[in-house]
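The structure appears right after this line, and notes come after that.
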Amino acid sequence: MSRDRVIQLVALLMALLFAGVSTVLGMQLTASAGKHRLTYADRAEEGDPPQVALGIAMGAFRGIFVNMLWMRANDLKEAGRYHEAINLSRAITTLQPRFPRVWAFHAWNMAYNISVTTNTREERWQWVNKGIRLLREEAIPANPNDMLLHRELAWTFLHKVSGITDDANQYYKRALAAEWHWLLGRPPTNAIGLSGRDATIEAYAAWLGEIADAPRTLAGAYELERRLIREGMEEGTIPRDTRPALPRLVDELAAIDLRPNYTLLERVGMNREVERSARREAYRAVFGARTLRLQALLDDPQYESAWPILLAHTRRHVLVNEYRMDPYRMIRYTRRFGPIDWRHPAAHAVYWSARGSEESEETVTGTSAADVDIVNSERILLQGVQELYRFGELLFDPLDFLHRGELGSYLAMPNIHFLDTYGRIMTEMRDRAGIFESRTRAFTTYSAGYENFLQDAIRFLYRRGQREQAERYYSSLRTFAEQNLNDPMTAEWRTLPLDEFIQYQFREERFRTTYVASSEIVAALQAAFLVGLLNGNDEVFRSNMDYAREFHRRYMETSRRLVTASGAVGRAEVIPADFDLLLGTTFAQAMRAVSLEDAETMYTNAPMSLRRYGFDLVSAMYQNELDALAAANQSEPFAVLFPEPPNMDRFRRELEERLTRRQRELDLVPQ
């Protein structure tokens, strides 16, 4: 056989071999693309950008066309032409919905680039929220196992909304809190960490359980009502002639253009908050005809049992079908991490980072749990848990937000129920991180974070007067087996007694750390109110008040220097600059967190300046109840137990003027 013939045969065999291999690989790639839904769009929908139809028409050359669109979109972004870049990004996501990076590019443009070019805080939030909703409600459903998209969404909540780098962050926090206050309803009262951790977690889980177990459909809600009526008749707890009220209620709502959706939850929530408000008469004076009709339906006794069924169904429907969140997963995370208040942005950072880790362990590329993307996502989870400890106790008035915007009542305080969570989650994540956080290294970020976290917890508990718990955490800090070895000062402070350790902590740089200042000031005020006033201990009250005032003064002085240097106000506004306003708000909310008897004791022992801040709140909470009991000779009247401080009308006017003046000052700050 000639040499040329041998070459031809070898070439033929090689061609057959490569054809066979390519066939097998092609089948595997096709199967993987089908399994993971990595497919192109094959038709244009009404409203799609024109590039979509063009890309589909190009057939096999679509990939080249999409690459050209991607490069053009990036050039537009670099040139600051964000709106045009968004239009091209929308075309790419329509043509390639399984391309995660273009979704992330699209959402980042809206939340970070376009938002800061707008003129008002309201407009900023609209764009930030558009970026959030794009990831949550379109990108992740199209790519449910992709870690990048989960991480981007979690980071947006943690950095853009929960963080302080954006000057409008205080508006974002309140807007998100209001949105979720209407969606889920008022959460259980946490009583500022006074209740046991396990009991508080179960209260939050039960609250979410009512939503998770609600009927999936309106027809299911009708059937549930009929079943409850039958059971009530059999037990003799309701009259035999009782008829279902829910269908009539739904028809009544439809007549005023309200249906089982988010708008209904928002309207009902507002009406119920008005009923709790000390300003209820002022709010009612501006009610429109539809709002008055809704209030009549809420007050109508024939619908009393129908409302809970309808609202639970509506909350579940909106949560699952619009927000794409699983209430059972929310319950599981509540039991795993702590009593999560879903009005807080860090709650959503925790949810989406945890979900991303769980869903992406078996990805298209076979990524392992120790992959750097998963490790980074879990670091966001850890930071979210830390944020829930530092600021997870949320005291928020949604009506005040509607009335005053970012000056509305919003106080984020430390939540001690997340103290133990951090250490447990850190240990789990260190084990999963493998080489990225090896225990043999002299310094790891996990150890550094845990040491800082324990120091914060010790100071907070010590300032609240919980010395025994502070000693326990200080012992954990000193005996932490995986402590970092790179700080020569570590050996010095670990030998100090608790009191000296606390003093050592307050070097000058601590006064410019926002979360340190927040926990120190709030803990001192809580101790003043919940230990000093509640027990009639004037020394504890005065000493903690003086400490909080002095720490606030030093923090604000440091913050003003930083604000002057940077031209930003977002950082300073995390803690209200007006100490008396912070003092009064904390006092009012502390009374909300305790029993009626304890609220009366605190109010009686408080100086008149504090009573003025608390009077309208306790009036809204207890006046009707106490006056009804007094009419039945079962209690003293409200006016006897909570006498109105003198000059309240003048106080209210002055408070309004202070808030208005502060709003004007904020409005003068460049966005």
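The values are calculated or read from the model by the stated rules, or taken from the named source; none is laboratory data. A quick note: this is a predicted structure, and the numbers were derived from the prediction, not measured. Heads up, the Cβs are rebuilt from the backbone with ideal geometry, glycines too, and the neighbour counts pull from every protein chain shown.
Can you tell me which residue among Ala369, Ala296, Ala289 is surrounded by fewer than 21 Cβ atoms within 10 Å (Cβ to Cβ) and at pLDDT below 85? Unique residue meeting the criteria: Ala369.
Any residue that is at pLDDT below 90, touching a strand residue (DSSP E or B) at 6+ places or on another chain (Cβ under 9 Å) and in a loop (DSSP other than H, G, I, E, B) - is there at least one of those in segment 578-589? Scanning segment 578-589, I find no residue that is at pLDDT below 90, touching a strand residue (DSSP E or B) at 6+ places or on another chain (Cβ under 9 Å) and in a loop (DSSP other than H, G, I, E, B), so the answer is no. If you filter segment 590-628 down to residues that are without any contact (Cβ under 8 Å) to a residue 12 or more places away in the chain and not in a helix (DSSP H, G or I), you find that the one that is farthest from the chain's Cα centre (by Cα) is Pro607. For segment 630-671, the set of residues classified as modelled with pLDDT under 85 and closer than 17 Å to Glu597 by Cβ consists of Gln634, Ser635, listed by residue number.
Could we say that Glu234 is surrounded by fewer than 14 Cβ atoms within 10 Å (Cβ to Cβ), over 29 Å from Ile340 (Cα atoms) and not aliphatic (A, V, I, L, M) here?
When the stated conditions are applied, Glu234 passes them.
Sub-8 Å Cβ pairs linking a first residue in segment 325-338 that is over 23 Å from Tyr389 (Cβ atoms) to a second residue that is in a helix (DSSP H, G or I) and hydrophobic (A, V, I, L, M, F, W, C), at least 6 apart or interchain, are Asp326/Val320; Pro327/Leu208; Pro327/Ile211; Pro327/Ala212; Pro327/Leu319; Pro327/Val320; Tyr328/Ala212, ordered by first then second residue.
Does Lys130 fit the bill of being in contact with a strand residue (DSSP E or B) (Cβ under 8 Å, 6 or more places away or on another chain), basic (Lys, Arg) and part of a helix (DSSP H, G or I)? In short, no. In the condition set (1) assigned to a helix (DSSP H, G or I); (2) more than 27 Å from Ile340 (Cβ to Cβ), Leu258 is compliant with all but (1).
Close contacts from segment 202-215, counting a first residue that is under 16 Å from His181 (Cα atoms) and a second that is acidic (Asp, Glu) and surrounded by 16 or more Cβ atoms within 10 Å (Cβ to Cβ), with Cβ to Cβ under 9 Å and a gap of 6+ residues or different chains, come to Tyr204/Asp341. A residue that is more than 17 Å from Asp400 (Cα to Cα), small (Gly, Ala, Ser) and out of contact with any strand residue (DSSP E or B) (no Cβ under 6 Å at 6 or more places or on another chain) can be found somewhere in segment 608-625. For Ala107, indicate whether it is part of a helix (DSSP H, G or I), on the phi < 0 side of the Ramachandran plot and at pLDDT 80 or above. Considered against the rule, which asks whether it is part of a helix (DSSP H, G or I), on the phi < 0 side of the Ramachandran plot and at pLDDT 80 or above, Ala107 comes out as yes. The conditions of being modelled with pLDDT under 90, outside the structural domain of Glu266 (by TED's automatic domain parsing), surrounded by fewer than 17 Cβ atoms within 10 Å (Cβ to Cβ) and under 30 Å from Arg90 (Cβ atoms) are not met by Thr189. Within 20 Å of Gln383 (Cα to Cα) and either in contact with a Pro (Cβ under 6 Å, 6 or more places away or on another chain) or without any contact (Cβ under 8 Å) to a residue 40 or more places away in the chain (or both): does that describe Ala347? No. Assessment of segment 141-162 against the conditions (closer than 29 Å to Arg276 by Cα, touching a residue at least 40 places away in the same chain (Cβ under 8 Å) and out of contact with any strand residue (DSSP E or B) (no Cβ under 8 Å at 6 or more places or on another chain)) yields at least one matching residue. Only a single criterion out of (1) assigned to a loop (DSSP other than H, G, I, E, B); (2) closer than 16 Å to Arg90 by Cα; (3) acidic (Asp, Glu) is not satisfied by Glu137, namely (1). A residue that is in contact with a helix residue (DSSP H, G or I) (Cβ under 6 Å, 6 or more places away or on another chain), at pLDDT 85 or above and under 22 Å from Ala347 (Cβ atoms) cannot be found anywhere in segment 94-103. The sole residue among Ile521, Ile502 that is in a helix (DSSP H, G or I), at pLDDT 85 or above and surrounded by 15 or more Cβ atoms within 10 Å (Cβ to Cβ) is Ile521. Given the criteria surrounded by 15 or more Cβ atoms within 10 Å (Cβ to Cβ), out of contact with any helix residue (DSSP H, G or I) (no Cβ under 6 Å at 6 or more places or on another chain) and hydrophobic (A, V, I, L, M, F, W, C), does Val318 qualify? Criteria not met by Val318. Restricting attention to segment 276-324, the residues that are farther than 30 Å from Arg404 by Cα, touching a residue at least 12 places away in the same chain (Cβ under 8 Å) and not in a helix (DSSP H, G or I) total 2. May I ask you to verify whether Asp42 is under 44 Å from the mean Cα position of the chain (by Cα) and either at pLDDT 50 or above or not basic (Lys, Arg) (or both)? The answer is yes for Asp42.
When Glu600, Glu654, Glu644 are screened for being in the same structural domain as Asn537 (by TED's automatic domain parsing), farther than 18 Å from Arg280 by Cα and surrounded by 13 or more Cβ atoms within 10 Å (Cβ to Cβ), only Glu600 passes. When Ala31 is tested against (1) in a loop (DSSP other than H, G, I, E, B); (2) over 18 Å from Pro100 (Cβ atoms); (3) small (Gly, Ala, Ser); (4) modelled with pLDDT under 75, just one condition goes unmet, and that condition is (1). Scanning segment 224-244 for residues that are in contact with a Ser or Thr (Cβ under 9 Å, 6 or more places away or on another chain) and either of a type in the set (D, E, K, R) or modelled with pLDDT of 95 or more (or both) yields Glu225, Glu231.
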